[in-house]
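Read the structure below first, then the notes.
The values are calculated or read from the model by the stated rules, or taken from the named source; none is laboratory data. Every value quoted in this text rests on a predicted model; they were computed, and no experiment measured them. In this analysis, Cβ positions are derived from the backbone assuming ideal geometry, glycine residues included, and neighbour counts consider all displayed protein chains.
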Protein chains: 2
Amino acid sequence: MTAPNWLYENFETAGSAIGFRVNAKLDEVQSPFQKIEIYESTDWGNVMLIDGAMMVTTRDNFLYHEMMSHPALFTHAAPKTVVIIGGGDCGTLREVLRHPGVEKAVQCDIDEQVTRMAEKYFPELCESNGDPRAEILFDDGIAYMANCAPGSVDIVIVDSTDPVGPAEGLFNKAFFESCHRALKDDGILVQQSESPLVLLELIQAMRAEMGKAGFTTFQTLPFPQPCYPTGWWSCTLARKGQGFDFREADARAKPFETLYYTADIHKGAQSLPPFVAKALGES
Amino acid sequence: MTAPNWLYENFETAGSAIGFRVNAKLDEVQSPFQKIEIYESTDWGNVMLIDGAMMVTTRDNFLYHEMMSHPALFTHAAPKTVVIIGGGDCGTLREVLRHPGVEKAVQCDIDEQVTRMAEKYFPELCESNGDPRAEILFDDGIAYMANCAPGSVDIVIVDSTDPVGPAEGLFNKAFFESCHRALKDDGILVQQSESPLVLLELIQAMRAEMGKAGFTTFQTLPFPQPCYPTGWWSCTLARKGQGFDFREADARAKPFETLYYTADIHKGAQSLPPFVAKALGES
């Protein structure tokens, strides 16, 4: 490869592509589950791809990791036990552990190589891995949730790749039933839910599966994310029965810094654009 | 070209790229000012490129056009006279004319070919071109603003391409001085202001030039826009002295439909992420 060159991800599902200008390929490993590649980009720091899909860049991952964690943690009344399924780059774990009230955060990613690559090329995402509250497992997240003690978890965050390949089983009723059983009555499930512009059908289908598993209230929060297709992404929160009472005062007084998340950004994300609200039956 | 194929825009300034899967090239014209190309995409409708940069897709242009118009029109107390510099695809004009209080909307784009291509390939954007309140000029926007009667305009919307080539002169003090003079005392200038993630320096520089021209208060509103680099874009509003009193009740009661813009989306966009607020000196 003659540097610099352009590295593209063609997202066939949506007919759109994203790309970064890169200087060099730094690493590649074929794990038992997927191919992981690391590139050095000219403007976005390091870039991790899994099976050809952009996963993380040094420059923009804060958007995703902050929005996958803080909205849920500032909605639950007092989250103490958090389980992250997937999330092998450890960025979501780091954000979860910024909350002093969290007593235990389990990260269960099937692929140890993702974490090994993150430790080497995204060390800042792994800076809380040694926190005594953190438990890092390399195991099947589906089995982990199925075997989780009922009513033992406050928040489950499903920080997965797209719903194909290893992550396919993280988007269906059986998995969501395990999450439902593992959560306490006031627990919250969070799932990354793809682009609200082009994958509304996926969000609808995912909410339907969550509904079959017993979840009754949903909240989809959009946010910008340049390294994912369309540059516009979302997470979806699900609860067993209660609404989503945002602890706004606590969010305003949060004892840690963020680059994207604020109480106002959180509130703003709760107002869906009409075309999204309509598709999700919320208008 | 063997269809379908992938069409990319490499955005050198930010080291990032966007692309669409296309079936066919429908048209191309080299105007005296720039090269305009039209492609039929597989999932995004038609796509217009100017000098290789993605300008409009059928599917996602509503985001940009709604945010370039409605926030300013629902901030000004009673906008009657609106001037659009650039905007040759007529999408911003259409949105401006949705406001019943607008008595006159002038669109001045230097390149007639952009409008001719829009009429043919994006007819829905041109559906208000026959409105008796609309005046469509093909002329130099810099000269138009320089010759505009002082204190005659309520809102100037600069709906331009990137600040290189034909649009370069739309981002400097001289042009902003013309806008300042043409605007009434309570007038508002709106400028598309590129990506808040990677072009904060451009927004800072643009605000500085606006400041030298006499504008004193600014408001940068981010919004998603998949067909522009990083998928995250912004517009910046500038006023002579007053703040930005949002006519929230009027926005809630607006007599027209939108796909993205709502009073709540408008309010949400006013809360900048900390890293943007800090860079713009607003934190």
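Observations on the model:
- Test: residue in region A:79-91 that is in contact with a strand residue (DSSP E or B) (Cβ under 6 Å, 6 or more places away or on another chain) and over 20 Å from A:Ser160 (Cα atoms): yes
- Among the residues of region B:269-283, those that are surrounded by fewer than 21 Cβ atoms within 10 Å (Cβ to Cβ) and either at pLDDT 95 or above or within 27 Å of B:Thr161 (Cα to Cα) (or both) comprise B:Ala269, B:Gln270, B:Ser271, B:Pro274, B:Phe275, B:Val276, B:Ala277, B:Lys278, B:Ala279, B:Leu280, B:Gly281, B:Glu282.
- Output for region B:243-283, where each listed residue is assigned to a loop (DSSP other than H, G, I, E, B), charged (D, E, K, R), without any contact (Cβ under 8 Å) to a residue 12 or more places away in the chain and away from chain A (no Cβ under 11 Å): B:Glu282
- Looking across region B:224-242, the residues that are modelled with pLDDT of 95 or more and away from every other protein chain (no Cβ under 12 Å) come down to B:Cys235, B:Thr236, B:Leu237, B:Ala238, B:Arg239.
- B:Ser178, sole failed condition from (1) closer than 23 Å to A:Leu272 by Cα; (2) in a helix (DSSP H, G or I): (1)
- Residue match in region B:213-223 (condition: part of a loop (DSSP other than H, G, I, E, B) and modelled with pLDDT under 95): yes
- Elements of type strands (runs of 3 or more DSSP E) in region A:1-71, at least 1 residues being away from chain B (no Cβ under 12 Å) and free of Cβ contacts under 8 Å to residues at least 24 places away in the same chain: A:16-30, A:35-41
- Region B:25-44, subset closer than 19 Å to B:Phe138 by Cα and of a type in the set (Val, Ile, Thr), residue surrounded by the most Cβ atoms within 10 Å (Cβ to Cβ): B:Ile36
- In the set B:Met68, B:Met54, B:Met117, only one residue is in contact with a helix residue (DSSP H, G or I) (Cβ under 8 Å, 6 or more places away or on another chain) and either over 26 Å from B:Ala263 (Cα atoms) or not acidic (Asp, Glu) (or both); that residue is B:Met68.
- Condition met for A:Leu202 (out of contact with any Phe, Trp or Tyr (no Cβ under 6 Å at 6 or more places or on another chain), within 22 Å of A:Arg98 (Cα to Cα) and in contact (Cβ under 8 Å) with a residue 12 or more places away in the chain): no
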